[in-house]
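Following this message is one structure expressed as structure tokens.
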Amino acid sequence: MKKTTLPSSFLQGHAAKLLAEHLQANSYGSVHILVDENTKKHCLPLLKGNYPVILIKSGEANKSIKTCEKIWSALESQGASRHSLLVNLGGGLLCDLGGFAASVYMRGMAFIHIPTTLIAQGDSCLGGKTGINFLHYKNHLGAFAEPACVILDTAFFTSLPKRELISGYAELLKHGLIAKRSLWKLLEQATLKIEPDLIQKSLACKLAIVRKDPHEKGLRKLLNFGHTIGHAIESAYLRKDQPLLHGEAVAAGIICESYLSYFHGGLSKKAFEAICEKMERFIPLPEVPQTMHRSLLTLMRKDKKNKDKRINFSLLNGIGKASIDHYLDEEAIVASLHFYSSR
């Protein structure tokens, strides 16, 4: 097993030039590009290459084993081997899915990420996690697999819908909350014009954690702040065939888990109120009616971080400080959901 789940290199600039340089420096049997209908239209032309394309449908409902089968079948029909390269051109969902499909095909073919959304460039492109949804559980199947490299290019943001761009703030804000107060302060004042330096600061926060704990045995659990409840909300909406953007669900989870941090993790009232105010100002938050609360608990009981049937949280001790392995009873969790629903 590899000791890290970090890509060999991060490349930032013009995606077409960087991809050509990577291909020239490496010997691959063939190159295949995975896209959805959106990145095929808006992003693929920026790569300016003539590569075999694999087209899948966008949307959380398609992050499935059925879509993986389509990818594997396409790779087979296009003559791919274990010496080939899969280029994942898309957001976090497509990169998660493509990375998983590549890691399994012929017991592992090389892949690279060219993330095209803010949430993917500022968070999910780093860390080696791949996965798909299963039985409506978020990222229930997956593996740690390292991309050969990650290519970052903010030119892709020009075609992003505003909702997608706003959604990306949630993960960047989370990095500031758990590890770097100065990043939180910087993002508080940021506009929707995202500079490469801001993305680098967010990735640096995550990189510092992942380097110390690549396979999530301890410290890396900090990155799950907002996700225990956020993933449950995302899964609940997926079951209703009303999928949320990941950042919207995480923003709701951050409010709930900040509430838990205030009562159980040492977060001050002033900081708690500031977090709620900023999340409500930046992100369009989903409704979580009280009729959904019990089903959310059921989903949380399936969370991968749980132990001995206890629901595990990472909580804030302050802005820029967090700690792992807080096992809270269901009464406390429901109280956080009631707070969110009644805000």
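Is there any pair linking a residue in the stretch 331-343 that is free of Cβ contacts under 8 Å to residues at least 60 places away in the same chain to one that is in a helix (DSSP H, G or I), with Cβ under 6 Å and at least six apart or on different chains, and which?
From the stretch 331-343, the pairs are V334/H293; S341/Q290.
Here's another thing I want to ask about it. Test each condition in (1) farther than 17 Å from L337 by Cα; (2) touching a strand residue (DSSP E or B) at 6+ places or on another chain (Cβ under 9 Å); (3) assigned to a helix (DSSP H, G or I) for L299 and report the one that comes out false.
For L299, the exception is condition (1).
Kindly establish whether S202 is buried (at least 23 other Cβ atoms within 10 Å of the Cβ), assigned by TED's automatic domain parsing to the domain that holds S258 and of a type in the set (S, T, Y).
So S202 passes the test.
Give me a count of the residues in the stretch 327-343 that are surrounded by fewer than 18 Cβ atoms within 10 Å (Cβ to Cβ) and more than 18 Å from A236 (Cα to Cα).
8
Return yes when T5 is modelled with pLDDT under 95 and either in a loop (DSSP other than H, G, I, E, B) or within 22 Å of K129 (Cβ to Cβ) (or both) and no when it is not.
yes
Could you look through the stretch 146-165, keep only residues that are surrounded by fewer than 18 Cβ atoms within 10 Å (Cβ to Cβ) and under 24 Å from H227 (Cα atoms), and pick out the one that is nearest to the chain's Cα centre (by Cα)?
L165
Could you tell me whether H293 is surrounded by 15 or more Cβ atoms within 10 Å (Cβ to Cβ), modelled with pLDDT of 90 or more and within 16 Å of the chain's Cα centre (by Cα)?
No; evaluated as a whole, the condition is false for this residue.
Here is a further query. If the requirement is being outside any loop (DSSP other than H, G, I, E, B), surrounded by 21 or more Cβ atoms within 10 Å (Cβ to Cβ), at pLDDT 95 or above and in contact with a Gly (Cβ under 9 Å, 6 or more places away or on another chain), which of these qualifies: L75, L97?
From the options L75, L97, the qualifying one is L97.
Assigned by TED's automatic domain parsing to the domain that holds I255, aliphatic (A, V, I, L, M) and exposed (fewer than 15 other Cβ atoms within 10 Å of the Cβ): which single residue out of A179, A208, A143 fits that description?
A208
Given the structure, is L186 at pLDDT below 85 and farther than 20 Å from I255 by Cβ?
Criteria met by L186.
Right, something else. Out of the residues in the stretch 220-261 that are polar (S, T, N, Q) and closer than 14 Å to F313 by Cβ, state the one that is surrounded by the fewest Cβ atoms within 10 Å (Cβ to Cβ).
Filtering first and then ranking leaves N224.
Would you point out the residue of the stretch 115-140, among those that are in contact (Cβ under 8 Å) with a residue 24 or more places away in the chain, of a type in the set (A, V, I, L, M, F, W, C) and out of contact with any Phe, Trp or Tyr (no Cβ under 9 Å at 6 or more places or on another chain), that is surrounded by the fewest Cβ atoms within 10 Å (Cβ to Cβ)?
Among residues in the stretch 115-140 that are in contact (Cβ under 8 Å) with a residue 24 or more places away in the chain, of a type in the set (A, V, I, L, M, F, W, C) and out of contact with any Phe, Trp or Tyr (no Cβ under 9 Å at 6 or more places or on another chain), the one surrounded by the fewest Cβ atoms within 10 Å (Cβ to Cβ) is F134.
Then there is this: Hey, can you tell me all the residues within the stretch 30-44 that are farther than 10 Å from L94 by Cα, among the aliphatic types (A, V, I, L, M) and in a strand (DSSP E or B)?
Matches in the stretch 30-44: V31, I33.
Residue by residue, here is whether (1) free of Cβ contacts under 8 Å to residues at least 40 places away in the same chain; (2) out of contact with any Phe, Trp or Tyr (no Cβ under 8 Å at 6 or more places or on another chain); (3) under 20 Å from A20 (Cα atoms) holds:
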{"site": "K63", "(1), (2), (3)": "no, yes, no"}
{"site": "K70", "(1), (2), (3)": "yes, yes, no"}
{"site": "Q78", "(1), (2), (3)": "no, yes, no"}
{"site": "S81", "(1), (2), (3)": "no, yes, no"}
{"site": "L86", "(1), (2), (3)": "no, no, yes"}
{"site": "L94", "(1), (2), (3)": "no, yes, no"}
{"site": "M106", "(1), (2), (3)": "yes, yes, no"}
{"site": "M109", "(1), (2), (3)": "yes, yes, yes"}
{"site": "H113", "(1), (2), (3)": "no, yes, yes"}
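So, in the stretch 78-93, of the ones that are part of a loop (DSSP other than H, G, I, E, B) and under 16 Å from Y51 (Cβ atoms), which residue ends up nearest to the chain's Cα centre (by Cα)?
Among those residues, the one meeting the criterion is S84.
In the set E280, E287, E257, E273, which member is modelled with pLDDT under 95, in the same structural domain as R239 (by TED's automatic domain parsing) and either acidic (D, E) or in contact with an Asp or Glu (Cβ under 8 Å, 6 or more places away or on another chain) (or both)?
Of E280, E287, E257, E273, the one residue that is modelled with pLDDT under 95, in the same structural domain as R239 (by TED's automatic domain parsing) and either acidic (D, E) or in contact with an Asp or Glu (Cβ under 8 Å, 6 or more places away or on another chain) (or both) is E280.
The values are calculated or read from the model by the stated rules, or taken from the named source; none is laboratory data. Note that the structure is a prediction, hence the values are computed from the model and not measured. When we count neighbours, we look across all protein chains shown, and the Cβ atoms used for this are built from the backbone with ideal geometry, even at glycine.
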